[in-house]
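Note sheet for the following structure.
The values are calculated or read from the model by the stated rules, or taken from the named source; none is laboratory data. Being a predicted model, the structure only gives us computed values, none of them experimental. Note: ideal-geometry Cβ built from the backbone for every residue, glycine included; neighbour counts use all protein chains shown.
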């Protein structure tokens, strides 16, 4: 294939250069299929990592720079590349960039990670009076882009409702089974009683309920709770987190994530039962399963179906801290059954819900656009 293939420009304004979906999953899958891959992203310097070229644009210092200056820098960088490249954009902030590229003859794919109009309703930093018009602006913008772009990739089925059926493809953000294929250093039964959560640390993601459930469980059984990710807003650390005896891991990269999961006994993810989290597929749930961890998850929403399918954890009312505490205690007191749950979850990921399967859909989209 090699030199006869078009090059691919993956562009994002919000995610880190080595974002799991963009770099580790999509870019490396395309590279393996012998595409030339470049990521245009805010970063400190140009680089080449594992064969993927990183082309840096200036890091935004303020929110408005991320919305205005960063897309402009990315557009200028994209224009310097061949017109026949495939441009794969990843953030709603780059939709207008995608339209400009499309109207100047480029092939454009939009990768919709989130339900943007719905996501706007839960952003703490957006003033209430502007949320509704802001939501409708993005609703209309995504509709328009769906008509003009060559293809749209959605990470969850619910997002597809915004785009034309014929050009919309579901590429779910399931974990890379290969990344979790190694043997655990410490056998499950010999691990310390550690519960882990990695993800955005916010109230709507259940931070308060996880911490309080942990506190109640700790009154009955020895347990350590480790949390990794970013606080949103940052004041939550002082307002809420620091009142509990839990361990903060800071930002967790993918290698560190796998290490932490293989040293834990429980993975927990209990977002509030709001519309946004009833329909999404939380990536961390599947990563817990891939690592062979029994999970504590919300009984509300579509993600509960995966836990039921594998019988790989305990489903709870995410707002009921007594239920959360009971689930923690039960899993730690019933080690054999907890380990069996974890193995059933892992089996489901290895056999069915993994990136290796999803990447075939991605490569097929590129094959069609190549023709």
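Here is how the numbers come out for the structure above:
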{"item": "Elements of type helices (runs of 4 or more DSSP H) contained in region 262-371, each with 1 or more residues being over 30 Å from residue 7 (Cβ atoms) and over 20 Å from the mean Cα position of the chain (by Cα)", "result": "304-310, 321-333, 335-351"}
{"item": "Single residue of region 100-129 satisfying the filter (assigned to a helix (DSSP H, G or I) and at pLDDT below 75) that is farthest from the chain's Cα centre (by Cα)", "result": "129"}
{"item": "Residue within region 251-259 that is touching a strand residue (DSSP E or B) at 6+ places or on another chain (Cβ under 9 Å) and part of a helix (DSSP H, G or I) present", "result": "yes"}
{"item": "Residue match in region 164-185 (condition: without any contact (Cβ under 8 Å) to a residue 12 or more places away in the chain, in contact with a strand residue (DSSP E or B) (Cβ under 6 Å, 6 or more places away or on another chain) and within 23 Å of residue 140 (Cβ to Cβ))", "result": "no"}
{"item": "Qualifying residues in region 190-203 (those that are within 15 Å of residue 321 (Cβ to Cβ) and not in a loop (DSSP other than H, G, I, E, B)) - the one farthest from the chain's Cα centre (by Cα)", "result": "195"}
{"item": "Residues of region 159-173 satisfying the condition of being modelled with pLDDT under 95, under 22 Å from the mean Cα position of the chain (by Cα) and farther than 20 Å from residue 352 by Cβ", "result": "159, 160, 161, 162, 163"}
{"item": "Residue list for region 67-93, restricted to those being touching a residue at least 60 places away in the same chain (Cβ under 8 Å) and out of contact with any strand residue (DSSP E or B) (no Cβ under 9 Å at 6 or more places or on another chain)", "result": "93"}
{"item": "Members of region 16-66 found to be closer than 22 Å to residue 358 by Cβ, assigned to a helix (DSSP H, G or I) and touching a residue at least 12 places away in the same chain (Cβ under 8 Å), listed by number", "result": "20, 21, 22, 23, 24, 25, 26, 27, 28, 29, 30, 31"}
{"item": "Restricting region 154-177 to residues that are outside any loop (DSSP other than H, G, I, E, B) and out of contact with any helix residue (DSSP H, G or I) (no Cβ under 7 Å at 6 or more places or on another chain), the residue that is nearest to residue 371 (Cα to Cα)", "result": "167"}
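Matching residues to (1) outside any loop (DSSP other than H, G, I, E, B); (2) under 25 Å from residue 334 (Cβ atoms); (3) in the same structural domain as residue 194 (by TED's automatic domain parsing):
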residue: 205; (1), (2), (3): no, no, yes
residue: 214; (1), (2), (3): yes, yes, yes
residue: 227; (1), (2), (3): yes, yes, yes
residue: 238; (1), (2), (3): yes, no, yes
